[in-house]
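The values are calculated or read from the model by the stated rules, or taken from the named source; none is laboratory data. None of the values given here were measured: they were computed from a predicted structure. Neighbour counts run over all protein chains shown; Cβ positions are idealised from the backbone, glycine included.
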Amino acid sequence: MPLLYFLPPLGAVLIWSGNMTINQLTVGTIAPSSIAFLRWVLALAVLTPFLLPAAWRHRHAIRREWVKLATLGLLGMGLWQGLAYVAAETTSATNMGILAAMVPLLTVLLSALILREAPSLGGTLGGLIALGGVLVLLGRGDPLSLLELQVALGDLLMVIAATCYALYGVMLKRWPLGLPPWVVLYAQVVFAVLFLLPPYLMGPMTPVDGQNAWLILYAGIPASIVTTFLWMRAIRQIGASQASIFINLMPLFSALIAMAFLGERIAPFHLLGGALVLAGVIMAQTLTQPLGRKSPNLS
């Protein structure tokens, strides 16, 4: 597999790592329903001049596949990212990071159930090892300390959000829509805006000001347009199960970003957790033999 195929998921996860901080910074600054809606309105405004002509040329295919496109927009944009903003109000960033790391394992499970895709040895073991690395990072070297965290409504919302995004990746792989990737992205954004409009109108509608404008800009362009396209490309190139393993790199990237821009120091548990995460990712990409494969009958 060409190494260039790994750049889209790595780039997407790097941007998402920054967006995990954005999620927490929105609390008390802008209502979840406002940023969830405004980020996609911004994305739609940026994409429309470039993609509306192409979308119009493919209008018949879009009309034929609108149910699938609407489902993808709801799962990957409306629920996954919208629920994360709501969850941030009633749970911690640590909890959100742990539950977001469930996406790879959920993807393997859903791929087996929906795509009849046998989980690979590397995907299963690598996912578990990478998840162990995430727990080491988030538990600051003591994963058992995570058991003391208080369960909140936000935790349940993040479980639902992680399941939605895992299902998004699987269905994107299952449905060959026969449309250019950017047109698929544009159609999903349109449906996401439509789905998020009612919650936005029901409020509270936070006005845009100097404190929250940059949050909307980051969420609307890099964390929406760029990451969604990179992730769709990654799923097409290496598959939903393998691409989702890269999500376990989010805690590692977040630590490096904090060290570079906030002056935080890297502790031994960062190195241990990061090594486990990287080992899991490498294992998932190299050990691709499906589990349960029968040996050929030589008799």
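Checked against the criterion of being out of contact with any strand residue (DSSP E or B) (no Cβ under 7 Å at 6 or more places or on another chain), more than 26 Å from I35 (Cβ to Cβ) and outside any loop (DSSP other than H, G, I, E, B), the candidates A192, A284 yield just one match: A284.
The residue of region 1-12 that is nearest to A284 (Cα to Cα), among those that are crowded, with 22+ Cβ neighbours inside 10 Å and of a type outside the set (G, A, S), is P9.
One residue stands out in region 183-234 among those that are crowded, with 21+ Cβ neighbours inside 10 Å and of a type in the set (G, A, S): the one that is nearest to L79 (Cα to Cα), namely A192. Of the residues making up region 26-63, those that are within 17 Å of T90 (Cβ to Cβ) and either among the aliphatic types (A, V, I, L, M) or over 25 Å from the mean Cα position of the chain (by Cα) (or both) are V27, I30, A31, I35, A36.
Condition check: of a type outside the set (S, T, N, Q), in a helix (DSSP H, G or I) and modelled with pLDDT of 75 or more. Does L272 satisfy that? It is true that L272 is of a type outside the set (S, T, N, Q), in a helix (DSSP H, G or I) and modelled with pLDDT of 75 or more. Scanning region 109-123 for residues that are under 17 Å from W175 (Cα atoms) and either among the charged types (D, E, K, R) or touching a residue at least 24 places away in the same chain (Cβ under 8 Å) (or both) yields L110, S111, I114, L115, R116, E117. Figure legend. Inter-residue proximity from region 1-24: first residues in a helix (DSSP H, G or I), second residues among the charged types (D, E, K, R), beta-carbon distance below 6 Å, spacing 6+ or different chains. Indicated pairs: P8/R233.
For R140, indicate whether it is at pLDDT 75 or above and among the basic types (K, R).
no
Confirm whether P207 is part of a loop (DSSP other than H, G, I, E, B) and within 29 Å of T29 (Cβ to Cβ). It is true that P207 is part of a loop (DSSP other than H, G, I, E, B) and within 29 Å of T29 (Cβ to Cβ). Of all the criteria given as (1) free of Cβ contacts under 8 Å to residues at least 24 places away in the same chain; (2) out of contact with any helix residue (DSSP H, G or I) (no Cβ under 9 Å at 6 or more places or on another chain), the one not satisfied by Q211 is (1).
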